[in-house]
2 protein chains.
Amino acid sequence: MKLASLKAGGRDGTLIVVDTALTRAVRVPHIAATLQQALERWAEARPALQAVSDALNAGTAAGAFDLDMQALASPLPRAFQFLDGSVYLHHMEKARRARGAAMPPNYKTEPLMYQGLSDRFDGPRDPMRFPDEALGLDYEPEVAVVLDDVPMGTPAAQAGAHIQLLMLMNDYTLRALTRSELPKGFGFMQAKPTSAFSPVAVTPDELGAAWDGTRLSLPLLSSVNGRVMGRANAGHDMFFDYPQLIAHAARTRGLSAGTILGAGAVANKDPATGHACLAELRADEELANGQATTPWLRHGDRVRIEMLDGEGRSLFGAIDQAIEQV
Amino acid sequence: MKLASLKAGGRDGTLIVVDTALTRAVRVPHIAATLQQALERWAEARPALQAVSDALNAGTAAGAFDLDMQALASPLPRAFQFLDGSVYLHHMEKARRARGAAMPPNYKTEPLMYQGLSDRFDGPRDPMRFPDEALGLDYEPEVAVVLDDVPMGTPAAQAGAHIQLLMLMNDYTLRALTRSELPKGFGFMQAKPTSAFSPVAVTPDELGAAWDGTRLSLPLLSSVNGRVMGRANAGHDMFFDYPQLIAHAARTRGLSAGTILGAGAVANKDPATGHACLAELRADEELANGQATTPWLRHGDRVRIEMLDGEGRSLFGAIDQAIEQV
């Protein structure tokens, strides 16, 4: 099933069920007011939501209405936790080469992961506002999972069972600030502004064989101003998978229901899949020509991130945002 | 006024108003169900809560009951954002010396700050559970502020007006993990387990002249198994103050109501104020004797953190936790 949140209803939005085709939706106040509330008692909420989803897809759901993408917040408009790994090492190697930084120690023995901003996410069609083009705004297309309660010490072999939903994500990065921020060791503060997620979050069963319980093997499409930039397969070249990331995060703490966990900018070794982000493209330009010519994102640009199934149908809906001045 | 949250009522607890003496309390469901909800509409909630507080302190509040510290969650049992600075440079210098690490670049021109775990905090009298003594558990006494909505780009001169509450905090750290985690640059993941806050959060006016709008100038007392370890004045030796920390955090993002912002382990240069944490004490032992003899926290230990006013009255109540095996 596919779930989303209307902006209406407050900072946590209003939970709705969306049909497979992403055209119709229905409110479910009798099940849960918000997606966060549903996740906190998922064992009861999931079957109730599934019944609504079945009726909606059969055309028999009472109160169904046409889905307006502009009316959507992020499926979780805010979250108590967002953790982001960096498991596509090809991306990390290029991003670090571009800023003249070495690879971090132990990066092949344990996942690199940071605690990210989660107090407010942008809606999938909302403008992304940032103050100054000199900060070097870049996009990063990701696949994120949403968890129910994960006890401390859960091993990877049991962690996959806690993955309840998947979403796409645009994890914006201010490249001019990573240079000074990451060497301090304390992670990203100013360098990671507000992110955006896909219009809907989907249950793993909605993804069929493309989801094997550990990774999602479909191309993740990104474009800037209509120009396709990347189509890397999210299931390829993952050095650590989602259950391994969850186990890493849960080693010394439990993870509360509603935790969002990303795996980093999706990038493949195969150059035919394009570039995950502008930092990668600019790194290639520097290697080839001695200087990067593609600019960072500018006010007025549009960034689109989407994933299609084998028949060309959008699985999560598109994140499609205009970049605007604050 | 002083505010707290009962554990009863779910993951966000139940908001109560507590009297100045920390002995009596009253529920306020007609104002807000939770502290998070109150902070999200603080302009209306604050005067209504203040009226209840005035009645409670006058002995005329209907429904008042005896305060049971064991029944309390953290004032915010969970939060959408926890940011922690490190502005007592004396602590940072000792902690880094102890693990053989250099001071981070630019540490005197902009505050060091990380995005911390906030999806669940321990109550002030709950056990602190962690799996393995070999992880090197240490405590860190801090003073944290709670904010209302802070717009992106708010300068330090205007940031202080967004400080609505103050709390004490025990920011636990697993020292054996900081050694391998911080050099990766992505901040703390496994090295910062679940923290705890004081029984009550207080409005700035409750602190009198000790709070000047930028820092809280009173000794912060910490003890382990009844032995006083530190009494550093939280207003001394701050290299950056709270409004400067807020402005740093808000440079490229807004901060949502309910954001908790700490300033790091309180440490003074004056050796008569003791040590902020075991890492500092052990660093001094190594310098003096060639090896550290005080062990890290062990299962069965108790850690207490408290702040008294000029008359010896506890301002926030004590964080007093037993360290236990998971």
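For the criterion of being open to solvent by 10 Å² or more (accessible area, probe 1.4 Å) and either within 14 Å of another protein chain (Cβ to nearest Cβ) or within 17 Å of the chain's Cα centre (by Cα) (or both), A:T194 passes. Taking only pairs six or more apart or across chains, which ones have beta-carbon atoms under 8 Å, a first residue in the stretch A:40-61 that is open to solvent by 60 Å² or more (accessible area, probe 1.4 Å), and a second residue that is part of a helix (DSSP H, G or I)? Cβ pairs passing all conditions: A:R46/A:A38.
If I ask for residues that are surrounded by 21 or more Cβ atoms within 10 Å (Cβ to Cβ) and within 11 Å of chain A (Cβ to nearest Cβ), which ones from the stretch B:158-190 would you list? Once the filter is applied, which keeps residues that are surrounded by 21 or more Cβ atoms within 10 Å (Cβ to Cβ) and within 11 Å of chain A (Cβ to nearest Cβ), the stretch B:158-190 yields B:Y172, B:T173, B:L174, B:T178, B:E181, B:L182, B:K184, B:G185, B:F186, B:G187, B:F188, B:M189.
Scanning the stretch B:9-52 for residues being closer than 18 Å to B:G317 by Cβ and in a loop (DSSP other than H, G, I, E, B) gives a total of 6. Among the residues making up the stretch B:248-279, those that are away from chain A (no Cβ under 14 Å), outside any loop (DSSP other than H, G, I, E, B) and open to solvent by 10 Å² or more (accessible area, probe 1.4 Å) are B:P271, B:A272, B:T273, B:G274. Outside any loop (DSSP other than H, G, I, E, B) and either under 18 Å from the mean Cα position of the chain (by Cα) or aliphatic (A, V, I, L, M) (or both) - does that describe any residue in the stretch A:100-108? No, the stretch A:100-108 has no match at all.
Of the residues making up the stretch B:64-81, one or more are open to solvent by less than 10 Å² (accessible area, probe 1.4 Å) and either at pLDDT below 95 or at the interface with chain A (Cβ under 10 Å from one of its Cβ atoms) (or both).
Within the stretch A:286-303, if we keep just the residues that are out of contact with any helix residue (DSSP H, G or I) (no Cβ under 9 Å at 6 or more places or on another chain) and at pLDDT 95 or above, the residue that is surrounded by the fewest Cβ atoms within 10 Å (Cβ to Cβ) turns out to be A:G300. Is it true that B:R298 is closer than 30 Å to A:L174 by Cα and either part of a helix (DSSP H, G or I) or not hydrophobic (A, V, I, L, M, F, W, C) (or both)? For B:R298, the condition - closer than 30 Å to A:L174 by Cα and either part of a helix (DSSP H, G or I) or not hydrophobic (A, V, I, L, M, F, W, C) (or both) - is not met. Among the residues of the stretch A:197-216, none is identified as open to solvent by less than 20 Å² (accessible area, probe 1.4 Å) and either more than 20 Å from A:L261 (Cβ to Cβ) or at the interface with another protein chain (Cβ under 8 Å from one of its Cβ atoms) (or both). Kindly indicate the residue of the stretch A:93-120 that is open to solvent by 20 Å² or more (accessible area, probe 1.4 Å) and among the hydroxyl-bearing types (S, T, Y) and also modelled with the lowest pLDDT among those meeting that condition. The selected residue is A:Y107. A:F316 falls short on exactly one of the conditions (1) of a type in the set (A, V, I, L, M, F, W, C); (2) open to solvent by less than 10 Å² (accessible area, probe 1.4 Å); (3) out of contact with any strand residue (DSSP E or B) (no Cβ under 6 Å at 6 or more places or on another chain); (4) at pLDDT 95 or above, and that condition is (3).
Table: residues versus (1) modelled with pLDDT of 95 or more; (2) more than 26 Å from B:P151 (Cα to Cα); (3) surrounded by fewer than 24 Cβ atoms within 10 Å (Cβ to Cβ).
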| residue | (1), (2), (3) |
| --- | --- |
| A:D122 | yes, no, yes |
| A:D126 | yes, no, yes |
| A:P131 | no, no, yes |
| A:E140 | yes, no, no |
| A:V146 | yes, yes, no |
| A:A156 | yes, yes, yes |
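Based on this model, can you work out whether B:M238 counts as assigned to a loop (DSSP other than H, G, I, E, B) and open to solvent by 10 Å² or more (accessible area, probe 1.4 Å)? Taking the combined requirement at face value, the residue satisfies it.
For the stretch B:130-143, a tally of residues being facing chain A (nearest Cβ under 9 Å) and closer than 18 Å to B:I305 by Cβ returns 1. Is there a residue in the stretch A:18-39 that is in contact with a His (Cβ under 9 Å, 6 or more places away or on another chain) and either open to solvent by 10 Å² or more (accessible area, probe 1.4 Å) or farther than 30 Å from A:N106 by Cβ (or both)? Within the stretch A:18-39 (the criterion being in contact with a His (Cβ under 9 Å, 6 or more places away or on another chain) and either open to solvent by 10 Å² or more (accessible area, probe 1.4 Å) or farther than 30 Å from A:N106 by Cβ (or both)), the answer is no, since none of the residues qualifies.
Take the residues in the stretch A:8-17 that are touching a helix residue (DSSP H, G or I) at 6+ places or on another chain (Cβ under 6 Å) and away from every other protein chain (no Cβ under 14 Å), then tell me which one is surrounded by the most Cβ atoms within 10 Å (Cβ to Cβ). Of everything passing the filter in the stretch A:8-17, A:V17 is surrounded by the most Cβ atoms within 10 Å (Cβ to Cβ).
Among the residues here, B:R215 does not qualify as basic (K, R), at pLDDT 95 or above and closer than 30 Å to A:T154 by Cα. Filtered by the rule that a residue be part of a loop (DSSP other than H, G, I, E, B) and touching a Pro at 6+ places or on another chain (Cβ under 9 Å), the stretch B:74-99 gives B:S74, B:P75, B:S86, B:V87. Among the residues of the stretch A:156-207, what is the count of those that are under 22 Å from A:P105 (Cβ atoms) and of a type outside the set (A, V, I, L, M, F, W, C)? The total comes to 10. For beta carbons closer than 9 Å, sequence separation of 6+ or different chains, a first residue in the stretch A:100-128 that is more than 7 Å from chain B (Cβ to nearest Cβ) and a second that is surrounded by fewer than 17 Cβ atoms within 10 Å (Cβ to Cβ) and part of a strand (DSSP E or B), the qualifying pairs are A:R125/A:A322; A:D126/A:A322; A:P127/A:A322; A:P127/A:E324; A:M128/A:A322; A:M128/A:E324.
For B:G226, the test of being within 14 Å of chain A (Cβ to nearest Cβ) and either on the phi > 0 side of the Ramachandran plot or open to solvent by 20 Å² or more (accessible area, probe 1.4 Å) (or both) is failed.
If A:P219 passes every condition in (1) free of Cβ contacts under 8 Å to residues at least 40 places away in the same chain; (2) open to solvent by 20 Å² or more (accessible area, probe 1.4 Å) but one, which one does it miss? Failing condition for A:P219: (1). Residues of the stretch A:68-76 include none that is of a type in the set (D, E, K, R) and touching a residue at least 12 places away in the same chain (Cβ under 8 Å). Within the stretch A:159-175, residues that are among the basic types (K, R) have Cβ atoms under 6 Å from residues that are assigned to a strand (DSSP E or B) in these pairs: A:R175/A:D138, counting only partners at least 6 apart in sequence or on another chain.
The values are calculated or read from the model by the stated rules, or taken from the named source; none is laboratory data. What you see is a predicted model; the values in this text were computed from it and never measured. Virtual Cβ from ideal backbone geometry, glycine too; neighbours counted across all protein chains shown. Ligands, DNA and RNA are stripped out before the accessible areas are found, and what is left, the full protein with its side chains, is counted by its heavy atoms. Shrake-Rupley method; radii C 1.70, N 1.55, O 1.52, S 1.80 Å.
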